[in-house]
Structure formats: structure tokens, C-alpha cells
Amino acid sequence: MTTTTLDERFVKPRLRDRLVVRPEIGALLGAVVVFLFFTIVTDKFFSASGAATWLDDAATLGIMAVAVSLLMVGGEFDLSAGVMTASTSLVTAILSTAAGWNVWLALLVSLVFALAVGAFNGWLVMKTGLPSFIVTLGTFLALQGLNLGVTRLVTGTVQVSGMRSTDGYASAGFVFASTVNIGGTPFQISIVWWIGVAAVASWLLVRTRFGNWIFAVGGSAPSSRAVGVPVVRTKILLFMGTALAAWLVGSINILRFATVQANQGIGLEFQYIIAAVIGGCLLTGGFGSAVGAAIGALIFGMARQGIVFAGWDSDWFMLFLGIMLLAAVLVNNAFRRRAERVRR
């Protein structure tokens, strides 16, 4: 009597094993729990106007969190990302209002400025070998000082306003700051940008060679370099991607609110990182998901607005945030260990 042993390479993985290797599965479960919780405790949360509010809250955060998640998968951080959103808004606003430029031309210049700063961050990190959080902390402080100094020099105050009367504002506002009417409820177009950015980033990460490079350089840069992965180019492009997302968020903000404060955006960089971690990114790099970061931002938006709808003190949001971050780190580590066992 003979027995045959099936080669494990041809064994189809179980559904549970296929799910557990997905970095975003923990965030998805968390989003469901938060959604159900606030749907039960408040009446307005599960309504069209309620959804428009918490989706709007999550949108700009989600755009940045997705870009930051790619950078974190690549093994780096960008602490200048929050201030960069204000810097790009200020460049656009000053050129449009003080210099009288067309808004579209001002947007183009602010885009070039953002990409240049992103490339500089990436180049400096790779050239010096210093930790990225040190390099981008320096950029954070430099941009903060530049924002305040230039704004006060040009306007005599710490804000720039008057965008609505500039040339090209109507067409640019339609692209970046209009609303989409669904069933009689206006939804901000930033939600569409958020979904689009998450879809493109997810495709880039899991369907392209560049995505493989991101995982490789985040897992082990020396090993990646040894097998021919362009480590320097990959990391510089990731920093430029974060800067590009900051430009998009800055453009949405300045065209929607028509005014910008010089100290805007400070502290938001930590929210971007927290959303990415909640979405499944490891702080050590090499593991994460763009979709997960988008879901992490959605949890942010639902919790922040859910607390408002429930009439609770907004101070409770920070408690919720701390608990979510700790839970996410523990869950992500557990899922990663499980995923490593499944892949062996």
C-alpha cells in the first residue's frame, strides 16, 4: 500500500490564512466597530449629512496618510508633512493675492516648490545616512520659520486671505474645492480625491515593480541594493510623493477656505503617522498598506465627528486616539507574526 503526500506548494491557502496576511484587516475590523458604535449612540451619525461630515473630516487626512504609509513601508518618516500643507497653501495664496498671478500658475509654482523640498529631504537622508525623522524635523522647523517670516513680511500679519477675488479662482476651486450632490446632500470633492489617491497608491504598491522596490527597501536596504534595487531613487521618489500629497491637501484647503494661517498644519504630521499605523503599517518598515492607511483616516473621521454628534467633550477624542494607537500596534504585530508563519 502506498501513500501520496501532497506538495505544500500546491495546497490552496485557507481563507483565514489569506486574510491574516493582509495588513489592513485589523483596521477594517476597527472601522466596523467604530461605525456600529456611533450608529447606536447617535441618531445623526448614520445619515447622509452625517456621512458627508465624517467623510469630509477623513478626506484630507486620508490623502496624507496614504502617502505617508508608502513612505513608512519604505522605512522612512516625514515630520515636515504637516507644515508642508501650509507652505504650499501660502505659496499659492501669496503669488495669487500679493503678486497678482493667475491661480493655476501659482499652483504650478507651489507644486514645484513642494517636489523640490521632498527631493531635498530624500537626497539628504540618503546622502548623510541620518535618520529621516532627524532630517525632516529640521525641514519642519525651517518651513515653520519660513512660513511665519515670509507671510509677515508680505502681508504684515500671519495670514493670507482674499483668494476669492483672484484670477482663475473659479476654475481651480471647481477642481479642488467644489461639492458633489448625492441624493440632495453635498459631499466635498476632497472625498473623491481621497478615494482616487488611495486607489492609485494601492495599485502602485501591490501591482507594480516600484511597489516591490518599496517593500524591499523598507525591509532591508542593503539586501535590496545587493539584488539591484535602486534604493536611493526609490526613497527620494517616496519623499517626493509625500510632498505631492501635501501640495494636493494645501491646494484643497486654500481654495476651499480662501485663507491660510502661517502656523497651520503644525502637529498634523503625527496624525498622518498614527492613521498609517492604525491602517497596518509597521514603524520598522517593510510592511503596510495604502488602503489600510485610508481606513485608518476613516476611523479618525468617524471617531472625531461621532464624539461631536454624541455631544461629548472633544477632549475624549485624545483618549480614544491613544487607545486606538496602542491597540493598532499590538494587533499589527500579532498579524505580522501570524502572516510570517503562514508564509513559511
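Figure legend. Inter-residue proximity from segment 133-162: first residues in contact (Cβ under 8 Å) with a residue 60 or more places away in the chain and under 18 Å from M84 (Cβ atoms), second residues of a type in the set (F, W, Y) and open to solvent by 50 Å² or more (accessible area, probe 1.4 Å), beta-carbon distance below 8 Å, spacing 6+ or different chains. Indicated pairs: T139/F120. Considering A328, A262, A339, the condition of being among the hydrophobic types (A, V, I, L, M, F, W, C), at pLDDT 90 or above and either under 28 Å from F133 (Cα atoms) or surrounded by fewer than 23 Cβ atoms within 10 Å (Cβ to Cβ) (or both) is satisfied by A262 alone. Among the residues of segment 278-298, those that are modelled with pLDDT of 90 or more and either over 25 Å from R338 (Cβ atoms) or not in a loop (DSSP other than H, G, I, E, B) (or both) comprise A290, V291, G292, A293, A294, I295, G296, A297, L298. Are any of the residues in segment 210-232 part of a loop (DSSP other than H, G, I, E, B) and of a type in the set (A, V, I, L, M, F, W, C)? Yes, that holds for at least one residue. Taking residues in segment 200-218 that are of a type in the set (S, T, Y), and partners anywhere that are assigned to a helix (DSSP H, G or I) and open to solvent by 50 Å² or more (accessible area, probe 1.4 Å), the pairs with Cβ atoms closer than 8 Å and at least 6 places apart or on different chains are S202/V291.
When W101 is tested against (1) surrounded by fewer than 20 Cβ atoms within 10 Å (Cβ to Cβ); (2) part of a helix (DSSP H, G or I); (3) touching a Gly at 6+ places or on another chain (Cβ under 9 Å); (4) not aliphatic (A, V, I, L, M), just one condition goes unmet, and that condition is (2). Considering only residues that are surrounded by fewer than 20 Cβ atoms within 10 Å (Cβ to Cβ), in contact with a Ser or Thr (Cβ under 7 Å, 6 or more places away or on another chain) and within 29 Å of N147 (Cα to Cα), which ones fall in segment 157-188? Answer for segment 157-188, where residues must be surrounded by fewer than 20 Cβ atoms within 10 Å (Cβ to Cβ), in contact with a Ser or Thr (Cβ under 7 Å, 6 or more places away or on another chain) and within 29 Å of N147 (Cα to Cα): V158, Q159, S161, G162.
With respect to F239, determine if the residue is surrounded by fewer than 20 Cβ atoms within 10 Å (Cβ to Cβ) and either among the hydrophobic types (A, V, I, L, M, F, W, C) or free of Cβ contacts under 8 Å to residues at least 12 places away in the same chain (or both). Considered against the rule, which asks whether it is surrounded by fewer than 20 Cβ atoms within 10 Å (Cβ to Cβ) and either among the hydrophobic types (A, V, I, L, M, F, W, C) or free of Cβ contacts under 8 Å to residues at least 12 places away in the same chain (or both), F239 comes out as no. Of all residue pairs spaced 6 or more apart or on separate chains, those with beta-carbon atoms under 7 Å, a first member in segment 277-306 that is charged (D, E, K, R) and a second member that is at pLDDT 90 or above are R304/D57.
The values are calculated or read from the model by the stated rules, or taken from the named source; none is laboratory data. Not measured: the values here are computed from a predicted model. Neighbour counts run over all protein chains shown; Cβ positions are idealised from the backbone, glycine included. To get the accessible areas, we keep the full protein, side chains included, count just its heavy atoms, and leave off ligands, DNA and RNA. Shrake-Rupley method; radii C 1.70, N 1.55, O 1.52, S 1.80 Å.
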